[in-house]
Amino acid sequence: MARVTIPAAEEILEKEYKCLNNGFVRLIDYMGSDESIVQAARVSYGKGTKTVREDRTLIRYLMRHHHTTPFEMVEFKFHVKLPIFVARQWIRHRTANVNEYSGRYSIMPEEFYVPKEEDIKPQSKTNRQGRSEEEIPFEIRRKVLDLLIAEQKSSFAGYNEMLESNVSRELARINLPLSLYTQWYWKIDLHNLFHFLKLRIDDHAQYEIRVYAKTMGEIVKKVVPYAWEAFEDYIFNSITFSTTELKVLKKYLPKEINDTELSGLDLSSYEKMELADKLKKIESL
């Protein structure tokens with residue numbers, strides 16, 4: 001069977017999408033498509049046996065019922081250039097294959113992440129691991145930028161001095177800061193990529209990694225548009241309610257929703273049936 005190619009994906013293959021001041025994301029390769037998800041679910045290699053509409057309906061069914069294996073049949077390989085502190089957050093997602101630029105074998109380039117002045121914010125009062133959206137005085141923002149740039153230059157000057165003194169690269173690098181850029185190849189299946197994107201596009205994620213996640217999301221959308229649509233509808237933009245929360249919600253729901261109201265919704269017949277079942281379940285709490 002010939003390798004699946006997607007015209008929209010072929011157009012952006014190897015294209016560099018700029019992230020932050022010196023970073024980027026590039027789609028190096030991909031395997032599979034929306035059609036591959038459908039074929040895996042049906043365990044069939046017969047192309048064209050179902051309509052596009054039926055394919056979309058099946059993908060949406062798989063997504064909302066958490067049948068994840070068919071999505072694992074699609075893979076993406078990215079080339080990413082990113083600050084080391086972003087890479088250390090990113091690597092916590094342990095479901096990918098990674099090969100990173102090595103400072104033991106190669107000389108590190110003098111490229112550092114410096115935030116935009118407007119992105120320098122105070123510590124959040126409600127989120128211990130994040131920044132708030134409040135403004136910070138101009139003089140403090142300028143001081144932060146001056147400190148960052150001065151320390152970056154100083155550390156890299158020390159790195160170069162050690163290299164010139166024939167100190168091994170693996171030792172000379174150890175004082176370089178987390179703002180230094182690194183690069184890697186990152187390969188992952190679509191199911192686990194969706195999990196990564198759900199967490200890292202979220203507003204609670206650090207701004208810098210959100211920039212990369214949003215860029216990757218735009219790439220994924222071009223390769224698997226139906227799967228992306230289902231991901232947005234059933235995973236990313238969905239909300240989970242606890243039993244206690246549903247009991248509160250029950251008080252504000254109408255006792256009955258008629259067929260006319262359901263027919264006006266942009267849902268498949270299966271989705272309407274499932275919605276009706278969900279409403280009955282809430283009513284029975």
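Go through (1) of a type outside the set (Lys, Arg); (2) at pLDDT 95 or above; (3) in a helix (DSSP H, G or I) for TYR61 and report which single condition fails.
(2)
Is it the case that PRO254 is surrounded by 14 or more Cβ atoms within 10 Å (Cβ to Cβ) and of a type outside the set (A, V, I, L, M, F, W, C)?
For PRO254, the condition - surrounded by 14 or more Cβ atoms within 10 Å (Cβ to Cβ) and of a type outside the set (A, V, I, L, M, F, W, C) - is not met.
Find the residue count for segment 176-232, including only residues that are part of a strand (DSSP E or B) and not aromatic (Phe, Trp, Tyr).
Residues meeting the conditions: 6.
Applying the selection to segment 119-149, what residues are in a loop (DSSP other than H, G, I, E, B) and of a type in the set (Asp, Glu)?
Across segment 119-149, the qualifying residues are GLU133, GLU134, GLU135.
The rows are residues; the columns are (1) under 12 Å from the mean Cα position of the chain (by Cα); (2) surrounded by 16 or more Cβ atoms within 10 Å (Cβ to Cβ); (3) not basic (Lys, Arg).
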residue	(1), (2), (3)
MET162	no, yes, yes
ILE174	no, no, yes
PRO177	no, yes, yes
HIS204	no, no, yes
GLU218	yes, no, yes
PHE231	yes, yes, yes
TYR234	no, yes, yes
SER238	no, no, yes
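In segment 59-97, how many are among the hydrophobic types (A, V, I, L, M, F, W, C), closer than 17 Å to LEU197 by Cα and out of contact with any helix residue (DSSP H, G or I) (no Cβ under 9 Å at 6 or more places or on another chain)?
Counting residues in segment 59-97 that are among the hydrophobic types (A, V, I, L, M, F, W, C), closer than 17 Å to LEU197 by Cα and out of contact with any helix residue (DSSP H, G or I) (no Cβ under 9 Å at 6 or more places or on another chain) gives 2.
It is to be established whether one or more residues within segment 124-147 are in contact (Cβ under 8 Å) with a residue 60 or more places away in the chain and of a type in the set (Lys, Arg).
yes
Here are GLU151, GLU164: which of them is outside the structural domain of GLU16 (by TED's automatic domain parsing), among the acidic types (Asp, Glu), without any contact (Cβ under 8 Å) to a residue 60 or more places away in the chain and touching a Pro at 6+ places or on another chain (Cβ under 8 Å)?
GLU151
Any idea which residue in segment 64-77 is surrounded by the most Cβ atoms within 10 Å (Cβ to Cβ), counting only those that are touching a residue at least 60 places away in the same chain (Cβ under 8 Å) and part of a helix (DSSP H, G or I)?
Step by step, filter segment 64-77, then rank; the result is PHE71.
Quickly run through segment 100-138 and pick out the residues that are exposed (fewer than 13 other Cβ atoms within 10 Å of the Cβ) and either farther than 22 Å from ASN21 by Cβ or touching a Ser or Thr at 6+ places or on another chain (Cβ under 9 Å) (or both).
Those that are exposed (fewer than 13 other Cβ atoms within 10 Å of the Cβ) and either farther than 22 Å from ASN21 by Cβ or touching a Ser or Thr at 6+ places or on another chain (Cβ under 9 Å) (or both): SER102, ARG104, TYR105, GLN123, LYS125, THR126, ASN127, ARG128, GLN129, GLU133, GLU134, PRO137.
Do we find a residue being assigned to a helix (DSSP H, G or I) and more than 30 Å from LEU82 (Cβ to Cβ) anywhere in segment 233-244?
Yes, that holds for at least one residue.
Take VAL248 and tell me if it is in a helix (DSSP H, G or I), free of Cβ contacts under 8 Å to residues at least 12 places away in the same chain and of a type in the set (A, V, I, L, M).
Yes.
Of the numbered conditions (1) modelled with pLDDT of 95 or more; (2) touching a Leu at 6+ places or on another chain (Cβ under 6 Å); (3) of a type in the set (Lys, Arg), LYS272 satisfies every one except a single condition; which is it?
The one condition LYS272 does not meet is (1).
Is it the case that some residue within segment 153-168 is touching a Lys or Arg at 6+ places or on another chain (Cβ under 6 Å) and more than 30 Å from VAL220 (Cβ to Cβ)?
Checked segment 153-168: no residue is touching a Lys or Arg at 6+ places or on another chain (Cβ under 6 Å) and more than 30 Å from VAL220 (Cβ to Cβ).
Starting from residues that are of a type in the set (A, V, I, L, M, F, W, C) and assigned to a loop (DSSP other than H, G, I, E, B), keep the ones in segment 106-118 and report whichever is nearest to the chain's Cα centre (by Cα).
Selected residue: VAL114.
The values are calculated or read from the model by the stated rules, or taken from the named source; none is laboratory data. Bear in mind that the values here come from a model prediction, so they are computed numbers and not experimental data. When we count neighbours, we look across all protein chains shown, and the Cβ atoms used for this are built from the backbone with ideal geometry, even at glycine.
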